[in-house]
Amino acid sequence: MGDPHPNPPQATAPSVTAPKLRAHALSRSFGRGTRALAALGPVDLDIAPGEFTCIVGPSGCGKSTLLRIAAGLLRPTAGELSIRTASPRPAAMIFQDYGIHDWKTVLANVRFGLDIQRVPRREADARARDWLVRLGLADFAGAYPAELSGGMRQRVAIARALAVEPEILLMDEPFAALDAQLRTIMQDELLDLTQTTRTTTLFITHSLEEAIVLGDRVLVMSARPGRIIAEHRPPFARPRTGDIRSTPEFTALKSELWELLRGEVRGEAARA
């Protein structure tokens, strides 16, 4: 007699997207022995594909240290950080000081990462010029950084990072050196750009406004050694615009985040 259920239903595991970046018990100290300074951790963190995650925290809490570990520029003292990727160079980093080369033209700066990857020159030029068009810099391809404004130099840095089509974009307070008006403009430009590309992004900032405008998620770090002490998801659907700055929800979340940060800043000052 045959099996009354020849094709029994199979249990289906729930569909869970694996994180693009994962940190587990991650920590970093500087120095050795009794003089070692604990700078970061332990930190546990998952970032989903396409998610824009902002991290805020007091000065010196290890935010940039975390970013440099993610970029492969530092090794953790303990724990691990992994990136799920099929690329040998999955991440691109944008620094506060732009990190572009004064002796190279705008086009050559944007093409720089592609040259390192040995992309054929014709393809590399085409990709670099495409990003210059998208970031409003097409007329400055032959210019040098000294001829550009601060905002334009930062756009060159962003174009260079995105031209290599990174799986993860790491940004270390990229707008900190800009004046308030230009910083707002750059926030809005980056918001529009990342909502189009949906590049997984880890963004470090001191600005609560910046974090709320840009982030799918805002993580708050403690004073040194930095740990994640709170997580908030701004209640604004995507696509969003900078107009959210004028909403009551924006003001309320900014106040809540500041209360958390103020306690950490005061605690750090008391220990100093």
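Below, the figures for the structure above:
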| read-out | value |
| --- | --- |
| Evaluation of V110 against (1) over 17 Å from A159 (Cβ atoms); (2) over 18 Å from the mean Cα position of the chain (by Cα); (3) β-branched (V, I, T); (4) at pLDDT 90 or above (one fails), failing number | (1) |
| Scan of the stretch 33-51 for residues that are among the hydrophobic types (A, V, I, L, M, F, W, C) and surrounded by fewer than 24 Cβ atoms within 10 Å (Cβ to Cβ), ordered by number | A36, L37, A38, A39, L45, I47, A48 |
| In the stretch 128-138, residue farthest from L178 (Cα to Cα) [restricted to those that are surrounded by fewer than 18 Cβ atoms within 10 Å (Cβ to Cβ) and touching a helix residue (DSSP H, G or I) at 6+ places or on another chain (Cβ under 9 Å)] | D130 |
| Segments classed as strands (runs of 3 or more DSSP E), wholly inside the stretch 38-96, with at least 1 members that are farther than 21 Å from P234 by Cβ and touching a helix residue (DSSP H, G or I) at 6+ places or on another chain (Cβ under 8 Å) | 78-83, 91-94 |
| Test for A108: is it in contact with a helix residue (DSSP H, G or I) (Cβ under 6 Å, 6 or more places away or on another chain), surrounded by 18 or more Cβ atoms within 10 Å (Cβ to Cβ), more than 19 Å from A18 (Cα to Cα) and small (G, A, S) | no |
| Given (1) in a loop (DSSP other than H, G, I, E, B); (2) within 27 Å of F236 (Cα to Cα); (3) free of Cβ contacts under 8 Å to residues at least 60 places away in the same chain, index of the condition A143 fails | (2) |
| Failed condition for A223, given (1) out of contact with any Cys (no Cβ under 8 Å at 6 or more places or on another chain); (2) in a loop (DSSP other than H, G, I, E, B) | (1) |
| Flag if L261 is out of contact with any Cys (no Cβ under 7 Å at 6 or more places or on another chain), in contact (Cβ under 8 Å) with a residue 40 or more places away in the chain and surrounded by 18 or more Cβ atoms within 10 Å (Cβ to Cβ) | yes |
| Close pairs (9 angstrom Cβ cut-off, 6 or more residues apart or separate chains): among the charged types (D, E, K, R) in the stretch 116-129, part of a loop (DSSP other than H, G, I, E, B) and surrounded by 11 or more Cβ atoms within 10 Å (Cβ to Cβ) anywhere | R127/V119; R127/V164; R127/E165; R129/A141 |
| Residue under evaluation G150, criteria (1) touching a helix residue (DSSP H, G or I) at 6+ places or on another chain (Cβ under 8 Å); (2) under 17 Å from M93 (Cα atoms); (3) not aromatic (F, W, Y), criterion not met | (2) |
| Residue among P174, P239 that is in contact with a helix residue (DSSP H, G or I) (Cβ under 8 Å, 6 or more places away or on another chain), under 22 Å from S59 (Cβ atoms) and either assigned by TED's automatic domain parsing to the domain that holds K63 or crowded, with 19+ Cβ neighbours inside 10 Å (or both) | P174 |
| Breaking point among (1) in contact with a strand residue (DSSP E or B) (Cβ under 8 Å, 6 or more places away or on another chain); (2) surrounded by fewer than 17 Cβ atoms within 10 Å (Cβ to Cβ); (3) not assigned by TED's automatic domain parsing to the domain that holds T184, for I158 | (2) |
| Enumeration of residues in the stretch 226-240 that are closer than 18 Å to G50 by Cα and either in contact (Cβ under 8 Å) with a residue 40 or more places away in the chain or not in a loop (DSSP other than H, G, I, E, B) (or both) | E231, H232, R238, P239, R240 |
| Filter pass, I100 being among the β-branched types (V, I, T), closer than 28 Å to P19 by Cα and surrounded by 19 or more Cβ atoms within 10 Å (Cβ to Cβ) | no |
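The values are calculated or read from the model by the stated rules, or taken from the named source; none is laboratory data. Here the structure is a predicted model, which is why all the values come from computation and not from measurement. We place every Cβ from the backbone using ideal geometry, glycine too, and count neighbours over all the protein chains shown.
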